[in-house]
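Structure, as structure tokens:
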Amino acid sequence: MADDRFSMGLFDARIKDQRHQVFKVLGMYFVLMTVAIWGLLSLFWGSTYQLESYFPSVKVYVYDFDSVATPNAVLGPAVVRYLQSTLSSPVHLGIIVRDPAGKTFDDVASEIVGEKAWGAVVINANATSNFEAAMAGTGGLLDGQWAPKGAISLVVAGARWYQVVLEYLLPYLGMYVETPVLEASHQASASFLSTATPATLGELTSAQQAALGTPFAYQEVDLRPILPGQWAGAAPLEAGLIYYIIFAFHIALFFFFSRLPLQGMTKKHGIKIRWIHVCLLRIVPVLFAYFILSLAYTLINKAFLLPTDGNGYASFGPQAGFMVLWMLDWIALASLGLAMEAMLTLLTLKFFPLFLITWILSNITSSFFPATLAPKIFRYGYMMPFWHCTTATKHIMWGTRNRLGLNFGVLLGWCGVSLVTICLFELMWRRIEERKERQESAKDVEGQGAHK
């Protein structure tokens, strides 16, 4: 015999209104998600759209020390002319020829580490003179060998933004200098051969023959490299931060459901917890949770042997660096999580997941690629938690530009804004509930009066 309790179908006339309500809600969410896909994913896609058209914003300094040191320099003028000619190409780097007077290589290195430019092409002072000395047999050799790569240095700071430096900047610079280096090499070799006698050529040493075959070449100088075994550091700079937001999302949900029994009890007894105590209940437990979880997150970095002393370039050692990284991770998680706590209060559980998507995508557009290679609208990323977390982490791990004061300041600013809005949103909902209660009480009084 069939159980009548399970006899109702989905299209039963008795649940017509409820069925319409279900499809109405599903339709509303379908529209919202479609808008979110077009709006939010377009934001992320747009941050890398036509990436190469923004290469002129990638400044590269050119220093010709060769022409200063040698009156009839061959290499320096050739490289400078060719690099300047690239500016007429549709896609080119932002080549800027700088006056080398009074400059040293250390000055150039400071400019690159200080992010005045993304890289530098340095034609060294002894480029042409070394070749001439080597062919004359009066010097120009390194440990008795010809070392042509000392002629030009392509100077970068790889850890600044390795996606840009290693995947785009260095390949482009290598392509740029290859042609003028080859032309200058042919010119230098031809100049020597035009005056050399057969006897002179027969007496060339192996070092001189090597110099004649390759007068000039270039080398890559990475001032802030990511050393072998340190590539796990890419995780906390990319996907790790997305996971961080997801952790904060789950913490917000966990604490939300953990408060429900308390809220049910107070409602049942017709009492209310003081507003300030509600705010404390919302804030103190999550800050403690962030403190513990950020320690676990930081320890993962140490477990995979990531440096915390800037590879020797930071002003602190590994022990102090670990504490700095832990505090950074704590404040970063708080800046991400407290914003979610605030929006959970404002949007309620029904629309809260939409903020999660928005929060993730608006942050990752500022950390996957620099705003330098995107339309100006994406410079909003300079105020986002992800950007400040990644730039601070790069300094702690690899010694890139030190912005720790700014990074901590902005992250704490996000925390402060979220703390204030949590309290204000709680106060707003309390006022709304009180207004509803007064309206219901007024209706009850009116109803009792009419009954009498």
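Throughout, read-outs are computed from the coordinates displayed, never taken from laboratory work. These numbers come from a predicted model, not from an experiment. Neighbour counts run over all protein chains shown; Cβ positions are idealised from the backbone, glycine included.
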For this session: Read phi for every residue in the range 40-56 and hand back ³J(HN,Hα) as whole Hz from Karplus 6.51 cos²θ - 1.76 cosθ + 1.60, θ = phi - 60°, with x for Gly and Pro.
Result: 7, 5, 4, 4, 6, 4, x, 5, 10, 6, 6, 4, 5, 5, 9, 4, x
For this session: Could you tell me which label, among (i) 37; (ii) 15; (iii) 8, carries the value of percent of Cα pairs over 44 Å apart calculated for this structure?
Result: (i)
Problem set entry | Point-charge dipole on Cβ atoms (K/R +1, D/E -1) for the range 53-222, about Cα centre, debye to 20 | 280
Problem set entry | the chain - mean residue ellipticity at 222 nm from DSSP helices (-39,500 (n - 2.57) per run, n ≥ 4, rounded to 500) | -20500 deg cm²/dmol
For this session: Provide the packing ranking of 116-128, 343-355, i.e. peptides ordered by the mean count of other C-beta atoms within 10 Å per residue, highest first.
Result: 116-128, 343-355
Seminar exercise, completed: Which of 267/443; 103/376; 302/350 exceed 28 Å between C-alpha atoms? The answer is 103/376; 302/350
Exercise. What ranking do 80-89, 431-440 get when scored by the average of other Cβ atoms within 10 Å per residue, highest first?
Worked result: 80-89, 431-440
Problem set entry | Inter-site label distance for residue 12 and residue 104 at 7 Å from Cα along Cβ, in nm | 8.9
Exercise. With point charges of +1 on the Cβ of Lys and Arg and -1 on the Cβ of Asp and Glu, referenced to the Cα centre of the range 230-443, which listed residue (387, 412, 364) lies farthest in the positive direction of the dipole?
Worked result: 412
For this session: Provide the per-residue ³J(HN,Hα) series for the range 15-23, in order, calculated from phi with Karplus coefficients 6.51, -1.76, 1.60 and θ = phi - 60°, each as a whole number of Hz, with x at glycine and proline positions.
Result: 10, 4, 5, 5, 5, 4, 5, 4, 5
Problem set entry | Karplus (6.51, -1.76, 1.60) ³J(HN,Hα), θ = phi - 60°, over the range 82-99, in Hz, Gly and Pro reported as x | 5, 5, 5, 5, 5, 5, 8, 6, x, 10, 8, 7, x, 5, 10, 7, 10, 6
Exercise. Using modelled amide H (1.01 Å from N, peptide plane; none on Pro or chain starts), what sits under 5 Å from the amide H of residue 400, excluding residues fewer than 5 places away?
Worked result: 395
Exercise. What residues have an amide H closer than 5 Å to that of residue 119, excluding those fewer than 5 places away on the same chain, when H is modeled at 1.01 Å from N in the peptide plane?
Worked result: 61
Exercise. Which residues' amide hydrogens lie under 5 Å from the amide hydrogen of residue 221, considering only partners 5 or more residues apart or on another chain, with H built in the peptide plane?
Worked result: 154, 155, 156
For this session: Using only the Cα atoms of the range 230-443, each taken as one equal point scatterer with no solvent, compute I(q) by the Debye sum, divide by I(0), and report log10 of the ratio at q = 0.08, 0.10, 0.11 Å⁻¹.
Result: -0.34, -0.50, -0.59
